[in-house]
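What follows draws every value from the coordinates through simple rules; no lab data is involved. Remember, it's a predicted structure, so these values are computed and weren't measured experimentally. Note that each Cβ is placed from the backbone with ideal geometry, even for glycine, and that neighbours are counted across all protein chains shown.
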Amino acid sequence: MGSILIKQAEIVTMNKDEEIFIGDLLIEGTVIKAMGKNLGDIQVDKVIDGRGKTVIPGFVQTHIHLCQTAFRGKGDDLELMDWLQKRIWPLEAAHDEESIYYSAMLGIGELIQSGTTSIVDMETVHHTDSAFQAIASTGIRALAGKVMMDKGTEVPKALQENTQQSIQESVDLLEKWHNHDQGRIQYAFTPRFVVSCTEPLLKEVQKLSDHYQVKVHTHASENRGEIEIVQAETGMRNVVYLDHLGLANERLILAHCVWLDAQEKRILKERGVKVTHCPGSNLKLASGIAEIPDLLSQDIAVSLGADGAPCNNNLDMFNEMRMAALIQKPIHGPTAMNARTVFRMATRGGAKAIGLEDEIGSLEVGKKADIAILDLNDFHTYPSFDVDTISRIVYSATRADVETTIINGRIVMENRMMKTLDKQLVLSESNRVMKRLVKRLPKIS
Ligand SMILES: [Zn+2]
């Protein structure tokens, strides 16, 4: 890893003043070393001609399930509990080390190709080490953990774990992977959701997250049926229950939060809990529309995520940004969730959610070089004259406009060629491992 100079590109910094300028950006090792209108002729290992290109901070997706990428197209047109019980849990139960690995490689390929450089990833019960191997070798930045689930109905045998096993396996993975590659990879405890976890498990997660000072990532208040189950079992609303267990703090990242009452929103704000908005998944599973403008107006930290491939069915931040903006407009009017608000959520918002706001999420000297280079010179993004660049990115651009992706100073895709994985191999292996996995399945309805 050496030095890279991107020359004369349009640089969308997303710094405090959200400056955009035409100029140069110098990467040295893993960080942005210098930026300016013209850095002159510096001796570097590689020069990228940025003329006519647009350079943005890499996207940060704060809710992904790499282990489910291989199930794309296998969970269509269902709502949450049926989707889990009839499709996703049996499929996850049938995974082996190799199928997890190629599922992760497929997902990471798609993420890198569409300009995502960091993820928060919730895996399944077993074989999470394989997902970490894929994360390690491809170079993506990730906060990831093995799913924890020690209770629940209609859970396949292979996914049933006892409390102690679940904790032990999580701690083993944490000790192996947390802060791997100088912090590029971090471990998070990822209990699936309250419905799947006993109180002793959640209490232990709270203690361990305090002890190791690591994040906790879980689903909450995604679906009304889920909330009814939590209420019947605990006598409390979902977020109130998490707070009651001491889990609601600034290290907690909650996916969805579609159905919150005023008390729950107050808890999120007071405790500094982070919310991941997943508009594509919320629409497809008919979960509902999260009250994001309200959360933002209360200064609650919100970022974006595509969720898993079988409930979306893509892991594409351009899709999520567009949906996040559009779904609020019929409810709150056309000015709600403008392009800049959404783009901020996709970059700086994600960085804040994972506690890396001083390292990623914007292009500034001293920050990590996590960058996507876009080519916005096409029919669907023109004219460019007198049009706001962020509007072009959020409302007109697509994943196909991402030309080069750099993570931690390493080029992982260059001119649409993947540099850290073999695309054809990953595609063919994903079919091969699924053929074997499907044979293991009990008949799914
Ligand atoms: Zn999810």
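A few notes on this one:
- For region 39-55, putting each phi into the Karplus relation 6.51 cos²θ - 1.76 cosθ + 1.60 with θ = phi - 60° gives couplings of 8, x, 8, 9, 6, 9, 6, 8, 10, 10, 6, x, 4, x, 9, 10, 9 Hz, in residue order, rounded to whole numbers and with x for Gly and Pro.
- For A188, distant residues with modelled amide H under 5 Å away: A144, G145
- Cα lying deepest toward the dipole's positive end in the chain, options W177, A262, L285, charges on Cβ: L285
- Dividing the convex hull volume of the alpha carbon atoms of the chain by its residue count gives 132 Å³ per residue.
- Whole-angstrom gap from region 259-337 to region 372-405, using each part's C-alpha centre: 24 Å
- Per-residue HN-Hα couplings for region 410-419 [Karplus 6.51, -1.76, 1.60; θ = phi - 60°; Hz; x = Gly/Pro]: 10, 6, 9, 9, 10, 6, 6, 9, 6, 9
- Amide hydrogen proximity for V55: with H placed 1.01 Å from N in the peptide plane, the residues at 5 or more positions away or on another chain lying under 5 Å are E10, I11, V12, L374.
- Kyte-Doolittle mean at least 0.0, axial Cα span of 18 Å or more - DSSP H helices of the chain: 97-113
- When the chain is treated as a GNM with alpha-carbon contacts under 10 Å, the residue of D82, D41, D172 showing the greatest mean-square fluctuation is D41.
- Placing +1 on each Lys and Arg Cβ and -1 on each Asp and Glu Cβ, with no other charges, gives region 59-353 a dipole about its Cα centre of roughly 940 debye.
- Spacing of the two label points (7 Å from each Cα toward its C-beta) at E357 and K329, in nm: 2.9 nm
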